[in-house]
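The values are calculated or read from the model by the stated rules, or taken from the named source; none is laboratory data. Values in this document were obtained by computation on a predicted structure and should not be read as measured data. Every residue, glycine as well, gets a Cβ built from its backbone with ideal geometry; the counts of neighbours run over all protein chains shown.
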Amino acid sequence: MPHMPEPKPNPDRLVLVGRVSGAFGVKGEVRIRAYTAEPLALLDYRDLRRASGEPGLTLLSGRVVKDGVIARAAEIGVKEEADALRGLDLYAPRSALPPAGEDEFYLTDLIGLEARSPSGARLGRIAAVHDFGAGDVLEIAPEAGGPTWLVAFTDANAPEVHVDQGWIALVPPAEVE
């Protein structure tokens with residue numbers, strides 16, 4: 001089997017941290033649904049990006065509300081500008097996030113890890129992590145090439161995760177074995 005290159009560390013990989021829900025009031029404030037443990041962490045990241053890496057919103061101030069934050073952003077002056085951004089996903093660089101706790105990791109840190117069978121055989125690399133609504137799913141690029149395959153990211157399917165060592169143990173679906 002060909003050897004797959006080691007993933008390159010990417011501390012500036014973008015991580016989804018929120019989504020604009022629309023305007024709040026008539027003074028140009030924006031409602032943001034926060035995907036962070038602490039909604040006000042969005043203000044700590046301040047310069048939020050679009051998925052492309054281009055500037056998204058520069059948060060100046062904010063307050064917590066149910067499901068997120070009401071914020072003032074440098075780019076928004078009136079209600080119509082806030083409404084026009086409804087649905088905009090907001091990202092922060094991975095390097096801006098706090099370190100993961102012991103036995104914790106960010107899903108973005110799984111991308112590029114080597115996928116091994118429970119017996120240690122190389123299966124491929126994690127190409128992406130998806131959430132189609134029913135839980136996280138790992139997309140695996142096979143070691144031998146060919147089409148990628150998907151596996152639900154559950155304790156049963158991924159009994160070991162070793163981000164610091166660069167690999168994850170996966171129980172592949174029967175059609176992959």
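Annotations for the structure displayed:
- Qualifying residue in region 15-33 (condition: assigned to a loop (DSSP other than H, G, I, E, B), among the small types (G, A, S), surrounded by 13 or more Cβ atoms within 10 Å (Cβ to Cβ) and assigned by TED's automatic domain parsing to the domain that holds A156): no
- L43 meets the conditions (1) hydrophobic (A, V, I, L, M, F, W, C); (2) out of contact with any Gly (no Cβ under 6 Å at 6 or more places or on another chain); (3) surrounded by 14 or more Cβ atoms within 10 Å (Cβ to Cβ) in every case but one. The failed one is (2).
- Subset of region 150-177 [farther than 13 Å from L110 by Cα and part of a loop (DSSP other than H, G, I, E, B)]: T154, D155, A156, N157, P159, V171, P172, P173, A174, E175, V176, E177
- Number of the condition not met by P99 [criteria: (1) farther than 28 Å from A41 by Cβ; (2) out of contact with any strand residue (DSSP E or B) (no Cβ under 7 Å at 6 or more places or on another chain)]: (1)
- Some residue of region 105-120 being under 17 Å from the mean Cα position of the chain (by Cα) and among the hydroxyl-bearing types (S, T, Y): yes
- Region 148-164, residues that are in contact with a strand residue (DSSP E or B) (Cβ under 9 Å, 6 or more places away or on another chain) and either more than 22 Å from G101 (Cα to Cα) or surrounded by fewer than 16 Cβ atoms within 10 Å (Cβ to Cβ) (or both): T148, W149, L150, V151, A152, T154, N157, P159, E160, H162
- Any chance G53 is under 19 Å from R13 (Cα atoms), under 14 Å from the mean Cα position of the chain (by Cα) and assigned by TED's automatic domain parsing to the domain that holds F153: no
- Candidates A100, A71, filtered to the one that is surrounded by fewer than 19 Cβ atoms within 10 Å (Cβ to Cβ) and not assigned by TED's automatic domain parsing to the domain that holds W149: A100
- Looking at E139, E75, E104, E80, just one residue is assigned to a strand (DSSP E or B) and of a type in the set (D, E, K, R), and that residue is E139.
- Single unsatisfied condition, A127 versus (1) outside any loop (DSSP other than H, G, I, E, B); (2) farther than 13 Å from V151 by Cβ: (2)
- Only one of P93, P159 that is closer than 27 Å to R33 by Cβ, modelled with pLDDT of 90 or more and out of contact with any Cys (no Cβ under 9 Å at 6 or more places or on another chain): P93
- The single condition among (1) touching a Lys or Arg at 6+ places or on another chain (Cβ under 6 Å); (2) modelled with pLDDT of 85 or more that M4 does not meet is (2).
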